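*Asks:* Mind having a look at this structure? Questions to follow.
The values are calculated or read from the model by the stated rules, or taken from the named source; none is laboratory data. The model shown is predicted, which means the values in this text are computed figures rather than measured ones. Because the Cβ atoms are built from the backbone with ideal geometry, glycine has one as well, and the counts that use them run over all protein chains shown.
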Amino acid sequence: MTRIRTILVANRGEIACRIMRTAKAMGYRTAAVYSDADTDALHVRTADVATRIGPAEARASYLDASAILKAARRLDAQAVHPGYGFLSENAEFAHACHDAGLIFIGPPASAIAAMGNKAAAKRRMIEAGVPCVPGFEADGADDARLLKEAQRIGFPIMVKAAAGGGGRGMRLVYDAHALPAALATARSEALNAFGSDELILEKALISARHVEVQVLADQHGHCIHLGERDCSVQRRHQKVIEEAPSPAVDADLRARMGAAAVAAAKAVGYSNAGTVEFLLDGDRKFYFLEMNTRLQVEHPVTEMVTRLDLVEWQIRIAEGERLPLAQADVPLNGHAIEVRLYAEDPAHGFLPQSGEIVAWQPPDGLGVRVDHGLVPQQAVTPYYDPMLAKIIAHGETREVARRRLVAALERTHVQGLATNRSFLIDCLEHAAFAAGAAATSFIEEHFASIARERIDEETLALAAVLMFEESARGLGHDPAQAWSSSGPIAWPIRLIDARRDETACNVTVTVDAPHRYTVRHGQVHRAIERLGDDRGNGFLRWRWQGRENGAQVVFAHGALHLQRAGQDFVFRDATYAPPTASAQATGGELRAPMNGRIVAVLAEVGDRVEKGQRIVVLEAMKMQHEIVASIAGTLEAVAVRTGDQVATRQVLAEINKLS
């Protein structure tokens, strides 16, 4: 077998950095590839050698198998680790690596192909005796056949892309009326994500748990499982919180699910690391969903409870080593919980965000691990998945792990664009999650309406004082001298809540003494005192009503980014700016919610459209977003065509309201 000296990581971001960490510790050289959007990314800086593979679009870079293979030759790599996503579950790529004399650090191409199509994989699992969710998985079924089969199965129905996962090409449908549109969008999304628009149907188990089993198999026929992970907390069918072990699984159920997972792996001649996913219902019955033939995003929780490095074992297995562990030797120590930190706006349907990270400081502490690929001033582009980092906590018990993770999130400083940090804290502190009772319906049931961070009087006063001081410095004045022995001077400040794009309020700041202020908001007067700050890391302290508090503060691009008490705020000073109307779309204007690419224009100028009708489909961060008519009327203008790149807030179409 070829001796590995250099491992090329055919991926980006946090997973590329994480793989390189283990590879370097094992004594291997590491090689990175990058697109034009990632020229100065952390994974490029981390690698020993690197090379460009194409433009920002994933199709022309990280999904270009020929470019990856050329890069491997250019960088003198003997092995390729695909990470997850991109080409990690592409059987043709795995086969091409083998043909090029490269070791593919993953399963055989035949196993990837066997599990890569959900329809074929499900049929194979049924033959192997693995219990499966009732559904319909015939090859090449058209919409008419799918509509008929959905009626037979019964609603609610889950529509799934046959060729991939990760929430792409997946739609939950509650009735027959909504099914045609769901099929159309699922096909389009699946085609763009996986190159195939084939769909399958499954009976939707609404209140089930999503439980998956990690397997390891060597090339000599030995296969074991490493226990289960509970991944039930999801939004848009994508995982948000994962933990090991599952609160719903005891030793007996673990043994039965583990045996089924091992049987599934052996049925396709599997080797290397893989994950078999199940749905677990309230009667403790489990059903096969799919097998992910790669490393999972949530693998750290398994590593923390087993104390095994899965990437290390992926490499060792790829080099032909035998697994030394018997099933009875697999340790399970304590509990671990992971959250995915996303650039997204939970209060607006978890809409992905793009922009610049102006400050980043990951947490540390006992039992805390952070996997990331971030640096300050890094651009988060619309070309890739919006996940920024994974934050994981381990403890002797589930409750210790949960508390440590909440505290770690409160110490996580990420500023510059909206994230789900506060939402993750809310989820972890919810009574149902704390009790271990969260099923796949958890977010829908408990967070159907997600409120934005509330701007309390203390936050408002602090923002006003900081804006006043920054403005004074900008004019060359010392804020501490902006007071008079003959009497206090009140300075008006007009604050704009930049994240919500609307006026927050008008306040006045009075300098009582150096670093001591009175802030008036309406009829409310409050004293606030600056206690100093550490400009090196942006941490500031102040005294408010006898209590000392702290916050992370960054001024960037004319905005104040303020993070305190687990919440995030962005303010702008509009004291000398003319009042502006809200930037929210009014009347019949349809605007892009974020940067992205137009993948479909579904109406023409002059068409009569109804409120809620789909007009444009925008693809960004690997997901498709439907732009619908805000009013009923006549389509007056369409400003984009299929294939156009658009910017946030760009006008896409205009509708004349019916009189």
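*Asks:* Against the condition at positive phi and buried (at least 17 other Cβ atoms within 10 Å of the Cβ), how does Gly167 come out, does it pass? Show your work before the answer.
*Replies:* Working: at positive phi: yes; buried (at least 17 other Cβ atoms within 10 Å of the Cβ): yes.
Yes: the conditions hold for Gly167.
*Asks:* Could I ask something else about it? Select from the stretch 605-659 the residues that are of a type in the set (S, T, N, Q) and under 33 Å from the mean Cα position of the chain (by Cα) and write down the one among them that is surrounded by the fewest Cβ atoms within 10 Å (Cβ to Cβ).
*Replies:* Step by step, filter the stretch 605-659, then rank; the result is Thr642.
*Asks:* Applying the selection to the stretch 158-173, what residues are in a strand (DSSP E or B) and touching a residue at least 60 places away in the same chain (Cβ under 8 Å)?
*Replies:* If we filter the stretch 158-173 for residues that are in a strand (DSSP E or B), which is where we start, we get 158-161, 171-173.
The answer is Leu172, and nothing else.
*Asks:* Can you tell me which residue is surrounded by the fewest Cβ atoms within 10 Å (Cβ to Cβ) among those in the stretch 269-325 that are hydroxyl-bearing (Ser, Thr, Tyr) and over 18 Å from Arg254 (Cβ atoms)?
*Replies:* This residue is Ser271.
*Asks:* Residue check: is Ala162 surrounded by 21 or more Cβ atoms within 10 Å (Cβ to Cβ), among the small types (Gly, Ala, Ser) and within 26 Å of Thr302 (Cα to Cα)?
*Replies:* No, not satisfied.
*Asks:* If you go through the stretch 430-477 one residue at a time, how many are part of a helix (DSSP H, G or I), at pLDDT 85 or above and over 24 Å from the mean Cα position of the chain (by Cα)?
*Replies:* Of the residues in that region, 14 qualify.
*Asks:* Look through Ala267, Ala217, Ala318 and report the one residue that is in contact (Cβ under 8 Å) with a residue 60 or more places away in the chain, under 16 Å from Pro108 (Cβ atoms) and in contact with a Cys (Cβ under 6 Å, 6 or more places away or on another chain).
*Replies:* Ala217
*Asks:* Follow-up question, since we're still on this one. Right, Asp364: of a type outside the set (S, T, N, Q), more than 18 Å from the chain's Cα centre (by Cα), farther than 30 Å from Gly596 by Cβ and modelled with pLDDT under 90 or not?
*Replies:* It is false that Asp364 is of a type outside the set (S, T, N, Q), more than 18 Å from the chain's Cα centre (by Cα), farther than 30 Å from Gly596 by Cβ and modelled with pLDDT under 90.
*Asks:* Go through the stretch 137-153 and count every residue that is under 27 Å from Gly269 (Cβ atoms) and surrounded by 15 or more Cβ atoms within 10 Å (Cβ to Cβ).
*Replies:* Step one: filter the stretch 137-153 for residues under 27 Å from Gly269 (Cβ atoms), giving 137-140.
The next check asks that each one be surrounded by 15 or more Cβ atoms within 10 Å (Cβ to Cβ); those that pass are 137.
The number of residues fulfilling the criteria is 1.
*Asks:* If you don't mind, there's one more thing I want to ask. Keeping to the stretch 597-651, report how many residues are assigned to a strand (DSSP E or B), without any contact (Cβ under 8 Å) to a residue 60 or more places away in the chain, closer than 19 Å to Ala181 by Cα and out of contact with any Gly (no Cβ under 8 Å at 6 or more places or on another chain).
*Replies:* Number of matching residues: 4.
*Asks:* What residue, of Ser271, Ser246, is assigned by TED's automatic domain parsing to the domain that holds His348 and farther than 24 Å from Leu323 by Cα?
*Replies:* Only one candidate qualifies: Ser246.
*Asks:* When Leu102 is evaluated against the numbered criteria (1) closer than 19 Å to Ile200 by Cβ; (2) surrounded by 16 or more Cβ atoms within 10 Å (Cβ to Cβ), which criterion, by number, is the only one it fails?
*Replies:* Against the list (1) closer than 19 Å to Ile200 by Cβ; (2) surrounded by 16 or more Cβ atoms within 10 Å (Cβ to Cβ), Leu102 comes up short only on (1).
*Asks:* In addition: For the stretch 352-397, name all the residues that are in a loop (DSSP other than H, G, I, E, B), of a type in the set (Gly, Ala, Ser) and surrounded by fewer than 20 Cβ atoms within 10 Å (Cβ to Cβ).
*Replies:* Initially, the stretch 352-397 is screened for residues in a loop (DSSP other than H, G, I, E, B), giving 353-354, 358, 362-367, 373-377, 381-386, 396-397.
Those still in the list that are of a type in the set (Gly, Ala, Ser) too: 354, 365, 367, 373.
Residues satisfying the conditions are Gly365, Gly367.
*Asks:* Within the group Arg649, Arg597, Arg608, Arg641, which residue is at positive phi and not assigned by TED's automatic domain parsing to the domain that holds Asp345?
*Replies:* Arg649
*Asks:* Restricting attention to the stretch 49-59, which residues are at pLDDT 95 or above and out of contact with any helix residue (DSSP H, G or I) (no Cβ under 8 Å at 6 or more places or on another chain)?
*Replies:* Of everything in the stretch 49-59, just one residue is at pLDDT 95 or above and out of contact with any helix residue (DSSP H, G or I) (no Cβ under 8 Å at 6 or more places or on another chain), namely Val49.
*Asks:* For the stretch 211-252, give me the residue count where each residue is more than 21 Å from Ala438 (Cα to Cα), crowded, with 23+ Cβ neighbours inside 10 Å and touching a Leu at 6+ places or on another chain (Cβ under 7 Å).
*Replies:* Looking only at that region, the number is 2.
*Asks:* Same structure again: Note down all Cβ pairs under 8 Å where the first residue falls in the stretch 174-203 and is part of a helix (DSSP H, G or I) and modelled with pLDDT of 90 or more, the second is surrounded by fewer than 18 Cβ atoms within 10 Å (Cβ to Cβ) and of a type in the set (S, T, N, Q), and they're at least six residues apart or on different chains.
*Replies:* That search, which allows pairs on different chains as well, returns Ala176/Gln151.
Here's the yes/no breakdown for (1) of a type in the set (Lys, Arg); (2) within 25 Å of Gly164 (Cα to Cα); (3) buried (at least 24 other Cβ atoms within 10 Å of the Cβ):
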{"residue": "Arg12", "(1), (2), (3)": "yes, yes, yes"}
{"residue": "Tyr28", "(1), (2), (3)": "no, no, no"}
{"residue": "Ala31", "(1), (2), (3)": "no, no, yes"}
{"residue": "Asp40", "(1), (2), (3)": "no, no, no"}
{"residue": "Ala56", "(1), (2), (3)": "no, yes, no"}
{"residue": "Arg74", "(1), (2), (3)": "yes, no, no"}
{"residue": "Ala77", "(1), (2), (3)": "no, no, yes"}
{"residue": "Gly83", "(1), (2), (3)": "no, yes, yes"}
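*Asks:* Assess whether Lys70 counts as being among the basic types (Lys, Arg) and under 28 Å from the mean Cα position of the chain (by Cα).
*Replies:* On the way: among the basic types (Lys, Arg): yes; under 28 Å from the mean Cα position of the chain (by Cα): no.
Considered against the rule, which asks whether it is among the basic types (Lys, Arg) and under 28 Å from the mean Cα position of the chain (by Cα), Lys70 comes out as no.
*Asks:* Here's something else I'd like to know. If I ask for residues that are hydrophobic (A, V, I, L, M, F, W, C), part of a helix (DSSP H, G or I) and in contact with a strand residue (DSSP E or B) (Cβ under 7 Å, 6 or more places away or on another chain), which ones from the stretch 316-351 would you list?
*Replies:* Answer for the stretch 316-351, where residues must be hydrophobic (A, V, I, L, M, F, W, C), part of a helix (DSSP H, G or I) and in contact with a strand residue (DSSP E or B) (Cβ under 7 Å, 6 or more places away or on another chain): Ile317, Ala318.
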